[in-house]
Amino acid sequence: MVVEALDKIEKTSSRNMKTTLLANLLRSTPKEVIDKVVYFILGKIWPEWMGMPEIGVDEELLVKIISKATGVKEAVIDEKLREVGDPGLVIENIKKSEKAVTRDLTKFMGKSAGSDTLTMEKVYDVFSKVALATGEGSRTLKINLLVGLFKEASPLEARYIARFVTGDMRTGIQDMTVIDALAIVFGGDERYEKFIEKAYYVRAGDLGLIAKMLAEQGIKAVENIKPEVGTPIKPMLANRESDPKEMLRQVGGKAIVEYKYDGERGQIHKKGDEIKIFSRNLENITHQYPDVVELAKTNILSNEAIVEGEIVAVDPETGFLLPFQELMHRKRKHEIHEAVKSIPVSVFLFDVMYNEGEDLLDKPLPYRREVLKKIIKETENFRLAHNIIVDDPQELENFFLKAIEDGAEGVMVKAIHNDSIYQAGARGWLWIKYKRDYKSEMIDTVDLVVIGAFAGRGRRSGKFGALLMGAYDEDTDTFKSVCKVGTGFTDKDLEEMTEMLKPYIVNYKPSNVDSEMTPDVWVLPHYVAEIIGAELTLSPAHTCCKDVIKKGAGISIRFPRFIRWRTDKTPKEATTTKEILEMYRKQLKKIEETRI
Ligand code: ATP
């Protein structure tokens, strides 16, 4: 039933129709399995914020599994995959022809040919066992489990199981489509959409959980939903701007301006003595910061609270702020203990979303800051972000220059009017980031997604030498090529890159990649890297913003250089094509101004 619905949803391009079909499916789904059905539709075994392992089956392994399940040779499957570009359709077609043969045989032998359909529980049982398999023998176990599943599956079921394994369901269903469908089924009225949306933001974007709550308790489950200590909230994000006058205009004339620290965002949850820290991506990073846990325990005076701040590395000798990269030591398990001593951190707090039972999300920023001040005992390395209140652009600019001098990345300009709420999960104009990089040509970095790789030469032979990078186009939900980057990598980066990319390499162009340049291998969008260049240029070779500024040309980056991996960003959080267009237009404007 689920796969039939997905097939119909996939075939229509109308968003409304997709939503209606999805609503029909969810309406007839028993409440016991509705969470699993939602996770399945979104291609997830479990919600990301749980930090559970992924399925861990790359294309090479999937080909082997399909071969074992169907008896068709791996080389033949490889060939078909190159032709069709979709492992789902490949196995579906094989199974269809296999079924035709069985049907003839069973007819001949006088038996019925109907196959039992798989249950969602069974499918999820296998998926979780595959994901949890580790250590010796795990590869064989993964193969056997999935071979068993594919053998039992109907051709259509096999299509979606194969796609699930590759992480690309190709149905065009996004989180917002599920929210709309849930509002139709459980609210029966558009007004309920805003409650479900809020639930989505305050429950870590966990739609399986929300669907289950709605199915079990009805719409009242989300009507007055509040943040919950222990469940991360989707963070509020900022727009960028480079003209202080315009920033102040956007926020209504007056703003609180804070240092924009160059560290890692930490959402700190406190309940009694229990502390949890979540990253910008809602990943649980508590174990990386045992020192922050201690600071939070003693310096957050409330019993229950959710506060937000930037965790920044500091030089133990001088106390100066250090760049983000220094926090990388915290990512390696065996180095954490040592790093706590050699590279201590400071926490600069800037918001509070929940305090002692009070939901603060809809309260204006000045109110939230009052609460924050009251519940924090400020110390040298656990304190509020440095800030001023301004209404004068010149004063803002001076504060910005001071921030740079002090080792910050720039400043955050935040609205303080009555509607300055905490917009969980949204990038809006209530917060504006002003970074140093706008000062000259392209010193502003972009975060791009790896969509392909090129083999290296000379010293780099046998490894990858360059990457094809793309920007995210929200309108078409695709990644469009921007540049080929081959400089800025250290030997260690190059060494690690081959291993890192391996699970995501495919020999067909992924359906959500739009590129006219063909790399040596295609890479499923997964990794985000920060890139800097000399300037943005028009280029006929790339598809980002193609034909927008000039017919036949896209926007590219001249002399791009790799800076660092942005493991805290998902591909859809990379720089968008719209942002690149905006940056290009600003660059043009600047050039115009200097000409006059
Ligand atoms: P960037 O790559 O520029 O950090 P981003 O996409 O990660 O951007 P944005 O919303 O665009 O996130 O910029 C805000 C980020 O800046 C926050 O995620 C946070 O990590 C960091 N930050 C540093 N200081 C502050 C502050 N005082 N207030 C809010 N965010 C801050």
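The values are calculated or read from the model by the stated rules, or taken from the named source; none is laboratory data. If you're wondering where the values come from, they're calculated on a predicted model, not measured in any experiment. So basically every Cβ, Gly included, is an ideal-geometry build from the backbone, and we count neighbours across all protein chains shown. To get the accessible areas, we keep the full protein, side chains included, count just its heavy atoms, and leave off ligands, DNA and RNA. Shrake-Rupley method; radii C 1.70, N 1.55, O 1.52, S 1.80 Å.
Among (1) free of Cβ contacts under 8 Å to residues at least 60 places away in the same chain; (2) closer than 30 Å to Gln174 by Cα; (3) small (Gly, Ala, Ser), which single condition is Ala466 missing?
(2)
Filter the stretch 1-38 for residues that are open to solvent by 30 Å² or more (accessible area, probe 1.4 Å) and of a type in the set (Ser, Thr, Tyr); which is farthest from Asp189 (Cα to Cα)?
Ser13
Residue-wise test of (1) farther than 23 Å from Val523 by Cα; (2) out of contact with any helix residue (DSSP H, G or I) (no Cβ under 6 Å at 6 or more places or on another chain); (3) at pLDDT 95 or above.
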site: Val130; (1), (2), (3): no, no, yes
site: Thr134; (1), (2), (3): yes, yes, no
site: Leu156; (1), (2), (3): yes, no, yes
site: Arg163; (1), (2), (3): no, no, yes
site: Asp168; (1), (2), (3): no, yes, no
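Determine the pairs where a residue that is of a type outside the set (A, V, I, L, M) and open to solvent by 50 Å² or more (accessible area, probe 1.4 Å), located within the stretch 407-433, has a partner that is more than 10 Å from the ligand (Cβ to nearest atom) and not in a loop (DSSP other than H, G, I, E, B) with Cβ atoms under 7 Å apart, the partner being 6 or more residues away or on another chain.
Taking only residues 6 or more apart or on different chains, the pairs are Gln423/Leu430; Trp429/Gln250.
Please indicate, with yes or no, whether at least one residue in the stretch 572-593 is under 27 Å from Glu283 (Cβ atoms) and among the aromatic types (Phe, Trp, Tyr).
no
Within the stretch 175-200, how many residues turn out to be among the β-branched types (Val, Ile, Thr) and touching a residue at least 60 places away in the same chain (Cβ under 8 Å)?
Qualifying residue count for the region: 4.
Inside the stretch 359-371, can you point out the residues that are more than 12 Å from the ligand (Cβ to nearest atom) and open to solvent by 10 Å² or more (accessible area, probe 1.4 Å)?
Hits for the stretch 359-371 are Asp359, Asp362, Lys363, Pro364, Pro366, Tyr367, Glu370, Val371.
Out of all the residues in the stretch 199-215, is one or more of a type in the set (Val, Ile, Thr), open to solvent by 10 Å² or more (accessible area, probe 1.4 Å) and not assigned by TED's automatic domain parsing to the domain that holds Glu326?
no
Please report, ordered by residue number, the strands (runs of 3 or more DSSP E) entirely within the stretch 523-575 with at least 2 residues that are over 27 Å from the mean Cα position of the chain (by Cα) and on the phi < 0 side of the Ramachandran plot.
535-539
Being surrounded by 13 or more Cβ atoms within 10 Å (Cβ to Cβ), away from the ligand (no atom under 12 Å from the Cβ) and within 30 Å of Gly205 (Cβ to Cβ): is that true of Glu356 here? So that I can check it myself, show each step before the final result.
Numbers: surrounded by 13 or more Cβ atoms within 10 Å (Cβ to Cβ): no; away from the ligand (no atom under 12 Å from the Cβ): yes; within 30 Å of Gly205 (Cβ to Cβ): yes.
Against the criterion (surrounded by 13 or more Cβ atoms within 10 Å (Cβ to Cβ), away from the ligand (no atom under 12 Å from the Cβ) and within 30 Å of Gly205 (Cβ to Cβ)), Glu356 does not qualify.
Being open to solvent by less than 20 Å² (accessible area, probe 1.4 Å) and within 16 Å of the ligand (Cβ to nearest atom) is the filter here, so list the residues in the stretch 325-349 that pass it.
Selection gives Leu327, Arg330, Val345, Ser346, Val347, Phe348, Leu349.
Could you list, ordered by first residue, the pairs with Cβ atoms under 9 Å in which the first is in the stretch 302-323 and on the phi > 0 side of the Ramachandran plot and the second is away from the ligand (no atom under 16 Å from the Cβ), at least 6 apart or interchain?
If the second residue must be away from the ligand (no atom under 16 Å from the Cβ), the pairs left are Gly319/Glu380.
What is the one condition in (1) surrounded by 21 or more Cβ atoms within 10 Å (Cβ to Cβ); (2) of a type outside the set (Ser, Thr, Tyr); (3) out of contact with any His (no Cβ under 9 Å at 6 or more places or on another chain) that Leu581 does not satisfy?
(1)
I'm told Pro47 meets every condition in (1) open to solvent by less than 30 Å² (accessible area, probe 1.4 Å); (2) modelled with pLDDT of 95 or more except one. Can you identify the failing condition by its number?
If we test Pro47 against (1) open to solvent by less than 30 Å² (accessible area, probe 1.4 Å); (2) modelled with pLDDT of 95 or more, just (2) comes out false.
Restricting to the stretch 107-124, name every residue that is open to solvent by 70 Å² or more (accessible area, probe 1.4 Å), modelled with pLDDT of 90 or more and not in a loop (DSSP other than H, G, I, E, B).
Glu121, Lys122
Please enumerate the residues belonging to the stretch 53-81 that are of a type in the set (Asp, Glu) and in contact with a Pro (Cβ under 8 Å, 6 or more places away or on another chain). Steps first, please.
Of the residues in the stretch 53-81, the ones of a type in the set (Asp, Glu) are 54, 58-60, 74, 78-79.
Matches in the stretch 53-81: Asp58, Glu59.
For the stretch 336-348, give me each residue that is assigned to a helix (DSSP H, G or I) and within 26 Å of the chain's Cα centre (by Cα).
So in the stretch 336-348, the residues assigned to a helix (DSSP H, G or I) come out as 336-342.
The one that is assigned to a helix (DSSP H, G or I) and within 26 Å of the chain's Cα centre (by Cα): Ile336.
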